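Q: Here it is, the structure, as structure tokens.
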Amino acid sequence: MKTEFTEEQLSDPAIARSNQILRSCVHCGFCTATCPTYQVLGDELDSPRGRIYLIKDMLENGRAPDARTVTHIDRCLSCLACMSTCPSGVHYMHLVDHARDHIERTYRRPLFDRMLRWTLARILPYPGRFRLALLGAKLGRPFARLMPDARLRAMLEMAPRRIPPVSRNDDPQTFAAKGARRKLRVALMTGCAQRALNTDINDATIRLLTRLGCDVVVARGAGCCGALTHHMGKTDESHATAARNIRAWAGEMDGEGLDAIVINTSGCGTTVKDYGHMFRHEALADDAARVSAIAMDVSELLAQLDLPEGGAPGMKVAYHAACSLQHGQQVKTAPKDLLKRAGFTVVEPADSHLCCGSAGTYNLMQPAISKQLKDRKLRTLEAKSPEVIATGNIGCMMQIGSGTEVPVVHTVELLDWATGGPKPEAMRADPL
């Protein structure tokens, strides 16, 4: 793609990076075949290729975007299926991240939109605040239909029926490896929303990793990865959050050392692995690059460990590949291979590359499109008649679980169960 940025514009590192990305696009349109919003809406401007044209025009002209441009960019899930499909290696993630930052800095949204986005940014990354909000939403759920805005209704309807108790495993501490010899020392990212929505995931991860010979460190000062605000274009907020993680993990690396930073929420993993890029021109550049270099999804680490074979009951598991894992991190086979090794029968839905519609806050900000994607994903999953659905991202778990009677659990919960841990609560006949 030909671009016409001025030399002055290209002196901005963000513009220079976007220029590189735009020039790598050859207009082939392969991305439209795997773009969920294009599949649902059928509008070229709701495809990666269409959005690339809009972003190019917006950035080249150095102008504030119009409402039409913002609408189409807001509709992007950041599922990154286009990056898996693109034969030219267009790094759409960095381009749309820059576009959102530009929109946040130059476009004045309607008052209600500004208030809604401000509220989400002040609640979701903070587990304590999020728990209080979930309690309020639980009380308000019976009145959801009375809400004047679809986004408010979606927020009430997505609140879980049960809010788990606080887990002390999320406090800064070290969990010692079981057995005579420690294999690895790893830091576990405990996250933010996951700590309020489902504490079983971190608990299962700690049990499983220590059972397999890892010391597991919950580092003091680490918390939200910054993805939620990053995808809203709130760059200063997301970088401040990410910087705390970088300092916390770099301190552990410089102390007793770390072999890996383990992440069991794939949306967070995609962001942490990109810290090196996000901070490339900042004072924390070196530490950010070090952190990104050893960040791993939990399934990547487990694939390197000696997971026992065949301990699971012969259950049929439908594996839902989270977009942030299969497209954002290109981790595609490890979770399925681990489940099979543990003794589960693994099936995959049709069109497994397409998003379930969760995508961070997307199901709250774009509920109509999200619901269409969720309904399609549920049909393809349930068509496999699974006994349980497994995935590697809390957002997908909440999205899919809100529309099916089939238990939805994290992959690591099944692996923990197969190797001596408790049966996942969602699969119990009498959940607590």
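Here, each number is a calculation from the coordinates, and none is a lab measurement. Fair warning: this is a prediction, and the values are worked out from it, not measured in the lab. Every residue, glycine among them, receives a Cβ derived from its backbone with ideal geometry; neighbour counts consider all protein chains shown.
Q: Looking only at Cβ-Cβ distances, which cysteines of the chain have no other cysteine closer than 4.7 Å?
A: For the chain, the answer is 25, 28, 35, 76, 86, 214, 356, 396, because their Cβ atoms have no other cysteine Cβ under 4.7 Å.
Q: Can you tell me how much longer the chain between residue 30 and residue 423 gets when fully stretched, taken as 0.36 nm per residue apart minus their C-alpha distance, in nm with one decimal?
A: That pair, residue 30 and residue 423, stretches by 137.2 nm at full extension.
Q: Oh, and also: Let me have the relative contact order for the chain, percent, based on Cα pairs under 8 Å that are six or more residues apart.
A: 14
Q: Based on the Kirkwood radius over alpha-carbon pairs, what is the Stokes-Einstein translational diffusion coefficient of segment 250-359 at 4 °C with 1.567 mPa s viscosity, in µm²/s?
A: Translational D for this selection: 83 µm²/s.
Q: Segment 9-109: which trypsin sites (Lys or Arg not before Pro) are DSSP loop and have at most 15 other beta-carbon atoms within 10 angstrom?
A: 63, 108
Q: OK, next. Among all stretches of the chain without exposed GluC sites (Glu not before Pro) (DSSP loop, at most 16 other Cβ atoms within 10 Å), which one is longest?
A: Longest stretch, sites excluded: 5-255.
Q: In which sequence would 384, 377 go, from the one with the fewest C-beta neighbours within 10 Å to the one with the most?
A: Neighbour counts put them in this order, fewest first: 384, 377.
Q: Post the alpha-carbon centroid distance, segment 30-66 to segment 77-106, in whole angstrom.
A: Here the two parts' Cα centres lie 10 Å apart.
Q: Could you put 362, 53, 275 in order, starting from the residue whose Cβ has the fewest other Cβ atoms within 10 Å?
A: 53, 362, 275
Q: What percent does the relative contact order of segment 254-392 come to when contacts are Cα pairs within less than 8 Å and at least six residues apart?
A: Computed over segment 254-392, the figure is 25 percent.
Q: Let me ask something else. Relative to the compact-globule scaling 2.2 N^0.38 Å, provide the ratio for the alpha-carbon radius of gyration of the chain.
A: Relative to the 2.2 N^0.38 Å estimate, the chain comes out at 0.96.
Q: Let me ask another. Ratio to report: Rg/Rh of segment 316-427, with Cα atoms as the point set and Rh obtained by the Kirkwood method; give two decimals.
A: With Rh from the inverse mean 1/r over Cα pairs, Rg/Rh is 0.95.
Q: Okay, next question. What list of ³J(HN,Hα) couplings, whole Hz, do you get for segment 212-219 from phi and the Karplus terms 6.51, -1.76, 1.60, once you set θ to phi - 60° and write x for glycine and proline?
A: 8, x, 10, 6, 10, 9, 9, 6
Q: If you take every DSSP beta bridge fully contained in the chain, what fraction is antiparallel? Give it as a percent rounded to 5.
A: Close to 15 percent.
Q: What size of dipole, in debye to the nearest 20, comes out for the chain about its Cα centre when the only charges are +1 on Lys and Arg C-beta atoms and -1 on Asp and Glu C-beta atoms?
A: So the dipole magnitude of the chain works out to roughly 1000 debye.
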